[in-house]
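Structure, as structure tokens:
The values are calculated or read from the model by the stated rules, or taken from the named source; none is laboratory data. If you're wondering where the values come from, they're calculated on a predicted model, not measured in any experiment. Quick reminder, even Gly has a Cβ in these numbers, built from the backbone with ideal geometry, and neighbours come from all protein chains shown.
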Amino acid sequence: MQNRQIRLASRPKGLPVPENWSLVTEEVPQLEDGDVLMKIELISMDPAMRGWMNDRRSYLPPVQIGEVMRAGAGGVVLESRHPDFKPGDHVIGTIGAQEYYLARGGKGITRVDTRLAPLSVHLGVLGMAGLTAYFGLLEVGALKPGETVVVSGAAGAVGSAAGQIAKIKGCRVVGIAGGPDKCRYLVEELGFDAAIDYREAEWKKALRQACPEGLDIYFDNVGGETLNTCLTLLRMKARVVICGAISQYNSEEGVEGPSNYMALLVSRARMEGFLVFDYANQYRAALSEMAGWVTEGRLKSRESIVEGSLEDFNSTFLRLFDGNKLGKLLLRIAG
């Protein structure tokens, strides 16, 4: 059996280009006792992947030249010599951009229930994206009912989940997104109280009008100018949750830092970064609560699924940065 893989061929400067990748074919290794072989069906596209391509210190080692590109993915078990998995089970894990994955000893994969929700949802709102929103708001942000929450990148996988969770917990929620269609989606489908189109010339004024008394929590997925603007709206004891900075990931001029950071002092506020991995021992309880919200229709999911093959990896990945997607972005591998 042949396995095709996307490997990092060179480190990108700015947006990745096709030459940064190589498409390699190798044989699938033989199974041994305890192993699980899966066929990958969906590859998750996440902004964090861009940082993993850089050769610099981070929370995970960088992907090395010649290595399979690190990526979340989901698929179906083809063969198992592990007692906890059987053929036909659906599983997910951070298992790379490839067509097959051999889990030695069954490690690195988690079985999911596709009767509860489709596999795509388990890679989105019931996966790392949803967990990131959950712990960012409830643990790092210490959210309280009645507070005003502003979410940037609000139409993305993490942002849309964060806004909905804040609403479920009794908060007023303002989302920042790009374009009228995304803003309508936030308000009309997800129940946000207001949505600000950052592509509009007067978006900063609109944000101030939407938060006349300021904000209590800013959930930041964007960084840059958006972060700077939201720092001017902090209420006393506000919390700024640093989840990501997608506006900065492809910058060739360096990262734009927060010039308005003194607002933290004035408002006695705090700004804190976090990683969802810090809360791994709480995943089960969080997913149980979120699955209940999904079943009740209170936590909605949207996936942008590109039907294609590994040849479409780079073009699909770039949709993270051009705004051409809604919710969770996934590449479905044909065959």
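Side notes on the structure shown:
- Every residue from the range 8-42 that is under 16 Å from Asp312 (Cβ atoms), part of a strand (DSSP E or B) and in contact (Cβ under 8 Å) with a residue 60 or more places away in the chain: Trp21, Leu23, Ile40, Glu41, Leu42
- Matching strands (runs of 3 or more DSSP E) fully within the range 197-289 where at least 1 residues are touching a Phe, Trp or Tyr at 6+ places or on another chain (Cβ under 9 Å): 234-242, 270-273
- Among the residues of the range 294-301, some residue qualifies, meaning at least one is acidic (Asp, Glu), surrounded by fewer than 13 Cβ atoms within 10 Å (Cβ to Cβ), in a helix (DSSP H, G or I) and not assigned by TED's automatic domain parsing to the domain that holds Pro258.
- In the range 103-172, counting only helices (runs of 4 or more DSSP H) that sit wholly within it, the ones holding 1 or more residues that are over 30 Å from Val28 (Cα atoms), out of contact with any helix residue (DSSP H, G or I) (no Cβ under 8 Å at 6 or more places or on another chain) and modelled with pLDDT of 95 or more span 157-168.
- If you go through the range 61-87 and keep only what is in contact with a helix residue (DSSP H, G or I) (Cβ under 9 Å, 6 or more places away or on another chain), assigned to a strand (DSSP E or B) and surrounded by fewer than 19 Cβ atoms within 10 Å (Cβ to Cβ), you end up with just Val76.
Residue-by-condition table, conditions (1) under 24 Å from Ile176 (Cβ atoms); (2) in the same structural domain as Pro18 (by TED's automatic domain parsing); (3) modelled with pLDDT of 95 or more:
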position: Glu252; (1), (2), (3): no, no, no
position: Arg270; (1), (2), (3): yes, no, yes
position: Glu289; (1), (2), (3): no, no, yes
position: Ile305; (1), (2), (3): no, yes, yes
position: Glu311; (1), (2), (3): no, yes, yes
position: Lys325; (1), (2), (3): yes, yes, no
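- So Leu265, is it in contact (Cβ under 8 Å) with a residue 24 or more places away in the chain and either surrounded by 12 or more Cβ atoms within 10 Å (Cβ to Cβ) or over 18 Å from the mean Cα position of the chain (by Cα) (or both): no
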